[in-house]
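One structure is given below, represented as structure tokens, and several questions about it will come after.
Where a number appears in this text, it was derived from the coordinates with a stated rule and is not lab data. Please read all numbers here as calculations on a predicted model, not as lab measurements. Methodologically, a virtual Cβ is constructed for each residue, glycine included, from the backbone with ideal geometry; neighbour enumeration extends over all protein chains shown.
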Amino acid sequence: MKVVKGLYYTEDHEWLKVDGDEAYIGLSDYAQDALGDIVYVDLPEEDDEFDKEEGFAAVESVKAAADVYMPVGGTITAINEDLFDNPELLNEDPYENWIVKIDIADKDELDELMTSEEYEKFLDEEV
Amino acid sequence: MTAKKTPLYDEHVKLGGKIVDYAGWYLPVEYEGLIPEHEAVRNAAGLFDVSHMGGIVVKGKDALAYLQYLLTNDISSIGANQVIYTMMCYPDGGVVDDFLVYKYDDEEYLLVVNAANTDKDFKWMIDHKKDFNIIIENKSDQIAIIAIQGPKSEEILQKLTDTDLSKMKPFHFDREVVVSGIECMVSRTGYTGENGYELYLSSDDAVEVWNALLEAGKDEGIKPTGLGCRDTLRFEAGMPLYGNEISKDITPLEGGLKFFVKLDKEEDYIGKEALNKQWNEGLKRKVAAFELKGRGIPRAGYEVQKDGEKIGHVTTGYMSPTLKKSLGVALIKTEETELGNEIDIMIRNRPVKAVIIKRKFL
């Protein structure tokens, strides 16, 4: 499974890419592969606020629905509207196609996430 | 308890199948992907390993009388080498299981039952054997079952056998078909809504026949197909799944399967009285099909509301791979099942509009 360097990761297989005070959030390659063909993405609205580990979106394959959780707390500043009509983008390139952009509430929470090296180890050992 | 492997397990792994534990069996949920596999069955052909299903043989002088007492359909209505779909009910009308009955002759029948229900069914049958002069045998572990389904299935299977398949009518079978040199029982049956065949053979021969079919169907576009699309295909075809549309708590009448319940069958059978009573008093709830109008995908178990009041739950729902629409079946109050009626499906605590449609999706 592909793991991109320089991103943060969670044990629920979300990735987070810091961009100043903001961050993009998406699903890892492992997550999209485990889900199979993604046919629907349920997105939040801009300005919605979520705590760390709170579900903010849902990604659905034909077979199942999976919640996507906030790696850190924050406010939604943008949603990837392409996913409404082309949810399969998350399968095709999970690291290029982010789900939401957020304004990070507390940057200290980033320290609790895994680095790409730690996530690779996590995939090897735990999954 | 660890899950069991069918004789085709190694083939599934070789083909890249995503293996899951389903009803106590290690089986592939998909190989290449649910959607391409679903489309292969609708447009060409798919090959399923359904060896997990149970096979129970009933034989003896009273075989027919016993099955008439046990089952809701009229088993006397079929001849030898014919298949009939039926329910087996509890005295209160709830369903023990639903399955196909194969008639070998007046004194021998094969019941092909849901994998998860095999042990329960077998026990139920033994417990209700009474004084009938019969023998009941659970042959589940000796039989492998391979299903070839899809518009190209006849063409592909015909390449491997001298038996003229065009003469086999739906819901008929032939016990002496030689496929790729191996003796099989072949029935024109399936669970996909497409033309197709199910091959019953000795576990020892399963790998050979499986690979012969994949090879024979290469040019026609055959694909190995997993449990994932098995469910989306049966759903689109309007077929029920035990545990969803019918169960211990949902009678076949509520499940929309009255055709397979002979309320006026001459013989008494388990559940007959309760089912007649339910029908005569009128159903308080029943299954109905719906199309989602808002965004989202309805899933089994989601609550259904009308004007903020709970009226039932979704029994099966999908983003239909063939129709590309969010469709579902729900068990709801009868008065809400009229065509065109608007209901709300609760998706992640939000009501999403849906409208009742005919339960004929394709």
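For chain B, set up a GNM with springs between Cα atoms under 10 Å and report which of B:260, B:290, B:132 has the largest fluctuation.
B:132
Further, regarding this structure: Enter the Cα centre distance for the pair region B:128-207 and region B:29-97, rounded to the nearest angstrom.
Cα centroid of region B:128-207 versus Cα centroid of region B:29-97: 12 Å apart.
Amide H of residue B:313 versus every other amide H placed in the peptide plane: which residues, excluding those fewer than 5 positions away on the same chain, fall under 5 Å?
B:304, B:331
Report, in whole Å, the centroid distance computed from the Cα atoms of region B:234-280 and region A:74-101.
If we compute the Cα centre of each part, the gap is 45 Å.
What's the magnitude of the charge dipole for region B:128-192 around its Cα centre, counting Lys and Arg as +1 and Asp and Glu as -1 at the beta-carbon? Answer in Debye, nearest 20. Please list the in-between numbers first.
Numbers: 9 positive and 10 negative charges, 52 e Å.
That gives a dipole near 260 debye.
Still on this structure: Put +1 on the Cβ of each Lys and Arg and -1 on the Cβ of each Asp and Glu in the protein assembly as shown; which of B:166, A:7, B:116 then has its Cα farthest toward the positive end of the dipole?
B:166
Let me spell out the model: positive unit charges on the Cβ of Lys and Arg, negative unit charges on the Cβ of Asp and Glu, origin at the Cα centre of chain B. What dipole size does that give, in debye rounded to 20? Walk me through the numbers on the way to the answer.
Values: 46 positive and 58 negative charges, 298 e Å.
It comes to approximately 1440 debye.
Please return the longest range in chain A lying between exposed loop sites, taking GluC sites (Glu not before Pro), DSSP loop only, at most 10 other beta-carbon atoms within 10 Å, and leaving the sites out.
Details: sites that count: A:45, A:81, A:96.
Of all site-free stretches, the longest is A:1-44.
While we're looking at this one, here's another question. Would you mind checking which residues have amide H under 5 Å from residue B:22's amide H? H placed 1.01 Å from N; only 5 or more apart, or other chain.
B:27
Taking the Cα centre of region B:1-82 as the origin and placing charges on Cβ (Lys, Arg +1; Asp, Glu -1), which of B:53, B:71, B:40 is farthest toward the positive end of the dipole?
Toward the positive end, the furthest listed residue is B:71.
Using the charge dipole of the protein assembly as shown (Lys, Arg: +1 at Cβ; Asp, Glu: -1 at Cβ; taken about the Cα centre), state which of A:100, B:239, B:91 has its Cα farthest towards the positive end.
B:91
While we're here: Which value at 222 nm does the protein assembly as shown reach when only helices count, each DSSP H run of 4 or more adding -39,500 (n - 2.57), with the total divided by all residues and rounded to the nearest 500 deg cm²/dmol?
Details: 12 runs with 97 residues, N = 489.
For the protein assembly as shown, the value works out to -5500 deg cm²/dmol.
Which of B:41, A:100, A:127 comes first, and how do the rest follow, when ranked by fewest Cβ neighbours within 10 Å? Don't skip to the answer; put the middle values down first.
Working: B:41 32, A:100 24, A:127 10.
Ordered from fewest to most neighbouring Cβ atoms within 10 Å, B:41, A:100, A:127 come out as A:127, A:100, B:41.
May I ask you to derive the FRET efficiency for residue B:175 and residue B:350 from their Cβ-Cβ distance with R0 = 60 Å, giving the value to the nearest 0.05?
Details: r = 54 Å, r/R0 = 0.90.
Between residue B:175 and residue B:350 the formula returns 0.65.
Run the dipole for the protein assembly as shown about the Cα centre, Lys and Arg Cβ at +1, Asp and Glu Cβ at -1, nothing else charged, and hand back the magnitude in debye, nearest 20. Walk me through the intermediate numbers first.
Details: 54 positive and 97 negative charges, 582 e Å.
Using Cβ point charges on Lys, Arg, Asp and Glu, the protein assembly as shown gives about 2800 debye.
Cross-link partners among lysines for residue B:167, C-alpha distance below 27 Å, same-chain residues fewer than 8 apart left out?
Partners within reach: B:103, B:152, B:159, B:218, B:223.
Still on this model: Cβ under 15 Å from residue B:361's Cβ, residue B:361 left aside: what net charge do those residues give with Lys, Arg +1 and Asp, Glu -1? Mind showing how you got there, number by number?
Details: positive: B:42, B:234, B:324, B:325, B:358, B:359, B:360; negative: B:194, B:231, B:236, B:245, B:291.
Taking every Cβ under 15 Å from that of residue B:361, the sum is +2.
May I pose another question? Among B:146, B:270, which comes first, second and so on when ranked by fewest other beta-carbon atoms within 10 Å? Could you put the intermediate results ahead of the total?
Numbers: B:146 25, B:270 20.
Least crowded to most crowded, the residues run B:270, B:146.
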